[in-house]
Amino acid sequence: MQIKLINPNTTTSMTELMGETARMVAAPSSEVILATSRSGAASIEGHYDEALSVVGVIDEITNGKPADAYIIGCFGDPGLLAAREITASPVLGIAEAAMHAATFVATSFSIVTTLERTRIISEHLVRNYGMQHHCRRVRATDVPVLELEEPGSKADATILAECEKALVEDRAEAIVLGCAGMSNLVERLQQRLGVPVIDGVAAAVKFAEALVGMGLRTSKIGDLAYPLPKAYAGKLAEYAPAHLKLRETSFPALATAVRS
């Protein structure tokens with residue numbers, strides 16, 4: 001099966017980092033296709049960044065060969081529901097995937113994220129996903145997203161220290177990493193902390209494989225039905241539903257597996 005991992009920001013090195021994580025956990029029969037948004041911000045660290053990143057996510061879903069599943073590689077899950085409207089293939093956000101994965105291995109977790117302002121966004125997602133009874137706290141490290149990639153940065157030590165506080169002060173039983181750029185820290189943190197550390201990129205890949213393997217597609221009844229046909233004006237005229245290549249897939253990867 002083909003899983004398209006979309007980085008909603010424009011930093012290619014972060015796409016490659018996520019790709020390494022995704023391919024490490026993907027099944028041999030899964031092909032992970034990497035895509036970096038061609039429009040938007042270098043990093044997504046606020047509501048404005050998120051709002052403008054959605055166009056790039058839509059571009060990556062509607063252009064090119066359709067995939068069996070899509071993953072939005074940003075912990076804010078920008079444009080997740082809009083993306084689910086325009087394709088029948090499963091679309092997963094890494095925040096939603098990580099939180100669900102955490103509940104399978106612990107009864108409580110804390111999220112360790114980047115900037116204080118993104119902590120608020122993560123708290124909104126906790127409520128939207130019904131995770132209030134599982135999530136003990138969302139903790140901000142005030143580490144900018146792009147600093148995660150800087151050689152000699154103290155970001156790793158700062159994140160570890162915040163995770164240790166979560167275990168003691170929050171009494172959390174697992175840690176959810178609140179940024180796709182932290183996906184390469186999982187093994188080191190688990191060894192130091194001795195608790196499950198969940199990265200949303202890896203979780204989303206395995207959930208995507210499961211959904212496609214079960215033959216499940218996004219429901220097209222109700223609010224996730226394809227967008228209603230209507231005119232769009234101004235700079236968004238080309239995004240009118242009539243101009244989009246809405247993705248109705250038949251899961252060729254699943255059909256091949258069944259035949260074999």
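Since every read-out is calculated from the coordinates, none of them should be taken as a lab result. Because the structure is a prediction, the values reported are computed rather than measured. Positions of Cβ are backbone-derived with ideal geometry, glycine not excepted, and every protein chain shown enters the neighbour counts.
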ALA210-LYS245 FRET efficiency (beta carbon distance; Förster radius 30 Å; 0.05 resolution): 0.70
In deg cm²/dmol and to the nearest 500, what is the mean residue ellipticity at 222 nm of the chain if only DSSP H runs of at least 4 residues count, each as -39500 (n - 2.57), divided by the residue total? -12000 deg cm²/dmol
Amide H contacts of THR10 (H built 1.01 Å from N, under 5 Å, at least 5 apart or other chain): ALA41, ALA42, SER43
Between LEU236 and THR158, 0.36 nm times their residue separation minus their Cα-Cα distance comes to what? 24.0 nm
So how do 232-241, 143-152, 91-100, 66-75 stack up, highest first, on mean other-Cβ count within 10 Å? 66-75, 91-100, 143-152, 232-241
Select from PHE104, CYS163, ASN184 the residue farthest towards the positive end of the dipole of the range 101-212; place +1 on Cβ of Lys and Arg, -1 on Cβ of Asp and Glu, and compute about the Cα centre. PHE104
Give, in nm to one decimal, the length gained when the segment between VAL168 and ARG188 is fully stretched (0.36 nm per residue of separation minus the Cα-Cα distance). 5.3 nm
How high is the FRET efficiency between ALA225 and GLU149 when r is their beta carbon distance and R₀ equals 35 Å, given to the nearest 0.05? 0.35
Using Kirkwood radius over Cα pairs in Å as the read-out, say which of (i) 19.2; (ii) 17.9; (iii) 18.7 was calculated from these coordinates. (iii)
What residues from the range 153-167 fall in the zone where the backbone N is under 17 Å from a label point 7 Å along the Cα-to-C-beta line of GLU20? 153-157
What angle do you read, to the nearest 10 degrees and between 0 and 90, between the alpha-carbon axis of helix 200-213 and the longest principal axis of the chain? 40
